[in-house]
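The next block holds one structure in the form of structure tokens; read it before the comments.
The values are calculated or read from the model by the stated rules, or taken from the named source; none is laboratory data. Here the structure is a predicted model, which means the values were calculated and not measured. Neighbour counts are summed over all protein chains in view; Cβ atoms, including those assigned to glycine, are modelled from backbone coordinates with ideal geometry. For the accessible areas, the whole protein counts, side chains as well, though only heavy atoms, and no ligand, DNA or RNA atoms are used. Shrake-Rupley method; radii C 1.70, N 1.55, O 1.52, S 1.80 Å.
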Amino acid sequence: MGGGVSEATSALPGPVPVGILDLAVATGHHVLDLDDLAAHNGVDPAKYHVGLGQDAFSVPAPDEDIVTMGAAAALPLIERHGVEGIRTVLFATESGVDQSKSAAVVAHGLLGLPSTVRAVELKQACYGGTAALVAALGIVARDPRERVLVIASDVARYDLDSAAEPTQGAGAVAFLVGAHPELVEIEPASGLFSADVDDFWRPNDRSTALVDGRLSVTAYVDALLGSWDDLAARGGPAPHEIDRWLHHQPFTKMALKAHRAWGKHAGAETSDDDLATGFTYNRRTGNSYTASVFLALAALLDLDDDLDGRRLALFSYGSGSVGELLTGIVKPGYRTLRRTDAGSVAATLDARTPIAVGDYRALHASHSGPGSASSLDRENPRVTTGPFRFAGVTGGARRYERTA
Ligand code: HMG
């Protein structure tokens, strides 16, 4: 036997900066205006706009799901950067469509990725997207020649007429992780906080989540403060060394509450204006679970022109619960990667088709009523204008197709 170290591995370069090279966003075909929901529910609209900090939420068409949204988010990345170096696709979701086959494998096929790419789905409530990011950073640190495609995609669905109903939503963010990032370099230290708590969960036989709303709010704040303490203990930045904050946004007011609590805890002065730019997209999509904090990042990178070299704090919370606080430095020139015109997030959100409350309720009910079993054969109506559609089910298997 020889020395055992192959030429391929012995040639690995030393540690390099790793982070996000580029990111892109997709959402559902429809939008429900929360003024309409408030009128239907007999609620003062200010409760939704001010009390929760939400204006609307995305509603996927019958021929859309987490796979079509996730692949649609990833497509512009593949079109701009190609597939070179990609050897892993990680798909984070908590609204998965199969108990065994990963959404990553289906997205891999739809995107035409090479067979030399591993494909895996990750789950821990809304934290899954950040778990995928951290795993991707590790893969790239191990071999900086590799790139990882991360897709975070979710449909947030609660029971009709429940207190959580106005906090539903849908969306996907895809990003490429690699060495020498042009967008955001992620710093090595992170803060962690895990605790087994029943604040939000979705048993296998349910299409809507169960939630203890009050408990979820305190569990979120506990996770932020715990993550901050851990980050500080691991040599993280002082409060004044953080230029911008991004939080998981189940509803944007939640991020404000948590940020105020962090300010008291860390002895830092905070203002509600600190977070406003990062709320821009989430206020319009509603909760996109795993994608939510990355949608906040997308908004900040699109709308804040003063980020060169600035340090971001990015807090991810997944019920159940896991919190992680990462920090990253925005690379000078990030503005050149912005998508414009029809490819911009603003245009994507503007292009959604409004849905009336009655139609939204019927669509919602179709996911849990009789005949909704996901393994029943069917043809789905042709509604989406996105690049991929969920065409139907044949022999129990979901069929997807490229539309354009
Ligand atoms: P609710 O019954 O609507 O609560 O449920 P509320 O009556 O307390 O009202 C909410 C706010 O509106 C209050 O403000 C009211 O004062 C205000 P606050 O005191 O909290 O600052 N309000 C008004 N404001 C202006 N004008 C008015 C008016 N009326 C009332 N006229 C709850 C709220 C969050 C419990 C519910 O929406 C819910 O259960 N949501 C789902 C759970 C959730 O999102 N939890 C967040 C933390 S957990 C998390 O982030 C994880 C998650 O994303 C899942 C995952 O990890 O996978 C959910």
Here the net charge surrounding residue 181, from other residues whose Cβ is less than 13 Å away from its Cβ (Lys, Arg +1; Asp, Glu -1), is -2
With a 1.4 angstrom probe the carbon and sulfur portion of accessible area for the range 1-146, in percent, totals 55
Roughly how much of residue 367 is accessible, in Å² to the nearest 10, using a 1.4 Å probe? 70
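At 222 nm, what value in deg cm²/dmol follows for the chain if DSSP H runs of at least 4 each add -39500 (n - 2.57) and the sum is divided by all its residues, to the nearest 500? Let's see the in-between values first.
On the way: 12 runs with 122 residues, N = 404.
Mean residue ellipticity, 222 nm, calculated: -9000 deg cm²/dmol.
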Where labels lie 7 Å past Cα in the beta-carbon direction, separation of residue 374 and residue 196 in nm: 2.6
Around residue 391, which amide H atoms from residues at least 5 apart in sequence, or from another chain, sit under 5 Å from its own amide H, with H modelled in the peptide plane? 399, 400, 401
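Diagonalise the Cα gyration tensor of the range 187-302 and give the resulting equivalent ellipsoid semi-axes, square root of 5 times each eigenvalue, largest first, whole Å. Spell out each step's value before the answer.
Working: eigenvalues 116, 69, 35 Å².
Sorted largest first and rounded, they come to 24, 19, 13 Å.
Can you tell me the alpha carbon radius of gyration of the chain divided by the globular rule-of-thumb value 2.2 N^0.38 Å? The partial results should precede the final answer.
On the way: Rg = 20.5 Å, N = 404, 2.2 N^0.38 = 21.5 Å.
Dividing the Cα Rg of the chain by 2.2 N^0.38 Å gives 0.95.
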Taking the Cα of residue 366, stepping 7 Å toward and past its beta carbon, and measuring to each backbone N in the range 52-72: which are under 20 Å? 57-70
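With a probe of 1.4 Å, find how much accessible area the chain has per residue, and write the answer as a whole number in Å².
Values: 16900 Å² over 404 residues.
Ligands and nucleic acids excluded, the figure is 42 Å² per residue.
Please report, in debye to the nearest 20, how large the charge dipole of the range 185-336 is about its Cα centre when each Lys and Arg carries +1 at its beta carbon and each Asp and Glu carries -1 there. Mind showing how you got there, number by number?
Working: 15 positive and 22 negative charges, 76 e Å.
It works out to roughly 360 debye.
For 154, 350, give me the order by solvent-accessible area with a 1.4 Å probe, most accessible first, ignoring ligands, DNA and RNA. Write out the running numbers ahead of the final one.
Working: 154 0, 350 105 Å².
From most accessible down to least: 350, 154.
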Check: the range 77-204 dipole with +1 on Lys, Arg Cβ and -1 on Asp, Glu Cβ, in debye: 600
Can you spot the aspartates and glutamates whose alpha carbon is less than 15 Å from residue 331's alpha carbon? Ignore those fewer than 8 places along the same chain. 22, 182, 185, 187, 243, 302, 304, 305, 306, 308
Once Lys and Arg get +1 and Asp and Glu get -1 on their Cβ, which of 66, 166, 48 lies farthest toward the positive end of the dipole of the chain? 66
Volume per residue, Å³, of the convex hull around the alpha-carbon atoms of the range 307-403? 197
Here the range 46-53 yields Karplus 3J(HN,Hα) values (6.51, -1.76, 1.60; θ = phi - 60°; whole Hz; Gly and Pro given as x) of 4, 4, 7, 5, 9, x, 9, x
Each label point is 7 Å from the Cα along the Cα-to-Cβ direction; what then is the distance between the points at residue 180 and residue 306, in nm? 3.1
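Once neighbouring chains are kept in place and the probe is 1.4 Å, which whole percent of the accessible area of the range 302-396 is contributed by carbon and sulfur?
53
If you average 1/r across every pair of different Cα atoms in the range 326-371 and take the reciprocal, what Kirkwood value do you get, in Å?
On the way: mean 1/r = 0.0683 Å⁻¹.
One decimal place: 14.6 Å for the Kirkwood radius.
Can you give the charge dipole size of the range 318-362 about its Cα centre, rounded to the nearest 20 debye, using +1 on the beta carbon of Lys and Arg and -1 on the beta carbon of Asp and Glu?
On the way: 6 positive and 4 negative charges, 38 e Å.
Roughly 180 debye for the range 318-362.
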Considering the options 333, 238, 213, tell which one lies farthest towards the positive end of the dipole of the range 185-336, charges being +1 on Lys and Arg and -1 on Asp and Glu at the Cβ, about the Cα centre. 213
The distance between the Cα centres of the range 278-357 and the range 96-169, in whole Å, is 16
The chain - percent relative contact order, Cα under 8 Å, separation 6 or more: 23
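Counting only DSSP beta bridges with both residues in the chain, what percent are antiparallel, rounded to the nearest 5?
Details: 50 of 68 bridges.
In the chain, DSSP labels about 75 percent of beta bridges as antiparallel.
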